Amino acid sequence: MYRQVIIFLLINTGIYAADIHIRINQLGFVPNDIKRAVVISHRNLDAEPFQLVGGYENEISYEGLLEKNPSRFENFEYCYVLDFSLFRKTGIYFIRVANAWSPPFEISNSIYNNLVDSLLLFFKVQRCGFTDPLLHEECHYFDATSLVIDGKKVDEQMDVTGGWHDAGDYTKFLNTTAYATYTLLFSYQFNPGKFYADRNANDIPDILDEAKIGLDWLLKLVYRKFSLVTQVQDLRDHAQGWRLPENDRLLWDRPAFVGIGKNLVGIYAATMALSYRIWREIPGYYSFAEHCLTMAENLYSIHQDVPDVDRSGTGAYQDSEYKGKLALGAIELYLATGRELFLKNAKKYAHAAGSDFWWSWGNINAYAHYRLAHIDTSFLKYIRENLLFFEKGMRVHAFGDAVRDTWGSNSTILGVALQAILWKKLTGATTFDKLAATQRDFILGKNQWGVSFIYNIGTNFSKNFHSQVAYFNNNRLPGAVAAGSISREKLEQYNIPYETPDQFAEFQTEDAIYRDDRMDYITNEPTITANATAVFVMAHYAAPR
């Protein structure tokens, strides 16, 4: 144990092998996992083995050979991959290559369980209104103080308290809240045995308690039956300086924007219909479930009479398409009611949507295709097309990230893993297991910066999130997922006034920049959408009860 402590100190003080860097999932692996790491070096390591070192005496537990990485990392002359998937003994280990050591990691059946719980805690930090938030007081208890309809401010108040702040600021959005709520519900239904934590001992899993925060807010958003509040607060939120939400200078001036579109009808109806199927099984909540279904049916009934895409609000989180979300709303309503018209519409819109070759709050066609593939296997092809596209990206990049050069790249990377997991559930095939594991590992440290993008997970993790709540809590932000890298060209457009020197300067490239600086709202801001996707992905690797 003493030697492990010494090694740990050497790793973190940079004494060991400054010219060799081992990038690995810093949390660890389940025993039967795909276990890979990447080594970048200024030194030729062609003849070097790697060693898996563990145990109290730091004995060598496994040895293998480095393989040249077919995808070169431009900042270093040499790039290698190593694979120890065949090693399955539980314990805490390091990888050693020459005189370089990796961060410690664990092999364990339950290594992902606490991570899932931590990811859910982030939602509690984001809570708004009278919802028992974490790390701040109740806040924004006059939402909304006015309405904006067709671009005009109306002196009319509406109770839209509650929900979650979307990111590091204090704005709230229907689109992202509906996505996050649906994904939490979907995650639970996909594998309820993975979600058994019940911190408040109310006999309801914490993930459903958290999803209900989103549901309760969404239910408030219907304005005069056939319109929705789509956003609470405007761009002035970003100009108020750093403050806790209970100290918001705009407490009495938080407008709500009203709009409607087929895209919002789809995601809203999908969330409410799925809520019905889950909450009707929970004692004491049948009336609540029935109310959710009624709201879904009422809103979906007008989908042909509204614009294709909502354009209210200040321009954030506006979809470019609607077909995938409308298909999702229809198939969830079919599964809730058994009415054939919903199935017919779902098939029509899902075929029209096709593969979107992406994942984000606005690109969720695969959810509809997954639901429909249980009924009609022709919808499998769309998910497969997505995954084949992502595999190409994985092979191009030395660290296996399937996408980059986009705002919120980590959310999309997690979405790639999500789709691979859906494929495995549908087919039983392991075809895309490597793709899923590689994206997961990238998030947890197997990336060019050697940073775990989830707060307090791993040895070297993101610490200085662009989050006002974190700033006033000694940078604590449990479960937060950093937004992820973007190209230098795009990042420099924002002229961010960084507070600290770039600790990752040696590892930055033209197409991938990440800064762990609280001022960086492009690469280092957490969002409810990324966290919801992470909950699904990481729960896949957790041990059931």
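Before moving on, here are some points about what is shown:
- Test: residue in segment 484-500 that is crowded, with 24+ Cβ neighbours inside 10 Å and under 15 Å from the mean Cα position of the chain (by Cα): yes
- Residue within segment 223-240 that is in a helix (DSSP H, G or I), touching a helix residue (DSSP H, G or I) at 6+ places or on another chain (Cβ under 7 Å) and touching a residue at least 60 places away in the same chain (Cβ under 8 Å) present: no
- Here K348 meets each of (1) outside any loop (DSSP other than H, G, I, E, B); (2) surrounded by 16 or more Cβ atoms within 10 Å (Cβ to Cβ) with one exception, condition (2).
- Scanning segment 193-203 turns up at least one residue that is over 25 Å from Y521 (Cα atoms), part of a helix (DSSP H, G or I) and over 19 Å from the mean Cα position of the chain (by Cα).
- Whichever residue in segment 501-524 is acidic (D, E) and surrounded by 14 or more Cβ atoms within 10 Å (Cβ to Cβ) and, among such residues, is farthest from the chain's Cα centre (by Cα): D502
- Segment 492-545, residues that are touching a Gly at 6+ places or on another chain (Cβ under 8 Å), at pLDDT 95 or above and in a loop (DSSP other than H, G, I, E, B): Y514, Y521, T523, E525, P526, T527
- Of all the listed residues (N175, N191, N202), the sole one being of a type in the set (S, T, N, Q), more than 26 Å from A366 (Cβ to Cβ), touching a helix residue (DSSP H, G or I) at 6+ places or on another chain (Cβ under 9 Å) and in the same structural domain as I282 (by TED's automatic domain parsing) is N202.
- Selection status of A211, closer than 28 Å to N473 by Cα, at pLDDT below 95 and not hydroxyl-bearing (S, T, Y): no
- Segment 20-71, residues that are at positive phi and within 26 Å of the chain's Cα centre (by Cα): G28
- Any pair with Cβ under 7 angstrom, 6 or more apart, that starts in segment 366-391 at a residue that is closer than 9 Å to S355 by Cβ and in the same structural domain as Y349 (by TED's automatic domain parsing) and ends at one that is surrounded by 18 or more Cβ atoms within 10 Å (Cβ to Cβ) and of a type in the set (A, V, I, L, M): A366/I383; A366/L422; H369/A350; H369/I383
- Segment 171-209 - residue that is farther than 15 Å from A534 by Cα and of a type in the set (D, E, K, R) and, of those, surrounded by the most Cβ atoms within 10 Å (Cβ to Cβ): K172
- The residues of segment 450-496 that are hydroxyl-bearing (S, T, Y) and either over 11 Å from R515 (Cβ atoms) or out of contact with any helix residue (DSSP H, G or I) (no Cβ under 6 Å at 6 or more places or on another chain) (or both), listed by number, are S452, Y455, T459, S462, S467, Y471, S487, Y494.
- If you go through segment 143-192 and keep only what is within 22 Å of L119 (Cβ to Cβ), of a type in the set (V, I, T) and either in contact with a Gly (Cβ under 8 Å, 6 or more places away or on another chain) or without any contact (Cβ under 8 Å) to a residue 60 or more places away in the chain (or both), you end up with T177, T181.
- Yes/no for A420 being assigned to a helix (DSSP H, G or I) and either under 16 Å from the mean Cα position of the chain (by Cα) or surrounded by fewer than 22 Cβ atoms within 10 Å (Cβ to Cβ) (or both): yes
- Scope segment 281-291; condition closer than 20 Å to D203 by Cβ and either outside any helix (DSSP H, G or I) or not aliphatic (A, V, I, L, M) (or both); matching residues: E281, I282, P283, G284, Y285, Y286, S287, F288
- In this entry, Y286 is excluded by the filter for residues that are assigned by TED's automatic domain parsing to the domain that holds I204, buried (at least 16 other Cβ atoms within 10 Å of the Cβ) and at pLDDT 95 or above.
- Verdict on K212 being closer than 16 Å to P133 by Cα and charged (D, E, K, R): yes
- Residue satisfying condition, being within 22 Å of F130 (Cβ to Cβ) and crowded, with 22+ Cβ neighbours inside 10 Å, within set V265, V232: V232
- Residue check for T406: under 28 Å from T527 (Cβ atoms), in a loop (DSSP other than H, G, I, E, B) and touching a Gly at 6+ places or on another chain (Cβ under 9 Å): yes
- Note on segment 99-139: among residues that are of a type in the set (S, T, N, Q) and within 21 Å of T171 (Cβ to Cβ), the one that is nearest to the chain's Cα centre (by Cα) is Q126.
- Condition broken by I278, with the remaining ones in (1) in a helix (DSSP H, G or I); (2) modelled with pLDDT of 95 or more; (3) over 27 Å from Q189 (Cβ atoms) satisfied: (3)
- Extreme residue, surrounded by the most Cβ atoms within 10 Å (Cβ to Cβ), among residues of segment 448-479 that are out of contact with any strand residue (DSSP E or B) (no Cβ under 7 Å at 6 or more places or on another chain) and aliphatic (A, V, I, L, M): L477
- Every residue from segment 25-50 that is assigned to a strand (DSSP E or B) and surrounded by fewer than 19 Cβ atoms within 10 Å (Cβ to Cβ): P49
- Hey, K325 of a type in the set (D, E, K, R), more than 26 Å from the chain's Cα centre (by Cα) and part of a helix (DSSP H, G or I) or not: no
- Some residue of segment 371-392 being buried (at least 24 other Cβ atoms within 10 Å of the Cβ) and closer than 26 Å to F105 by Cβ: yes
- Taking segment 72-178 and the strands (runs of 3 or more DSSP E) fully enclosed by it, the elements with 1 or more residues that are among the hydroxyl-bearing types (S, T, Y), touching an Asp or Glu at 6+ places or on another chain (Cβ under 7 Å) and over 29 Å from F507 (Cβ atoms) are at 146-149.
- Residues that are over 16 Å from the mean Cα position of the chain (by Cα) and either crowded, with 24+ Cβ neighbours inside 10 Å or basic (K, R) (or both) within segment 525-545 comprise just one, R545.
The values are calculated or read from the model by the stated rules, or taken from the named source; none is laboratory data. These figures come from a predicted structure and were not determined experimentally. Cβ coordinates were reconstructed from backbone atoms using ideal geometry, including for glycine residues, and neighbour counts include every protein chain displayed.
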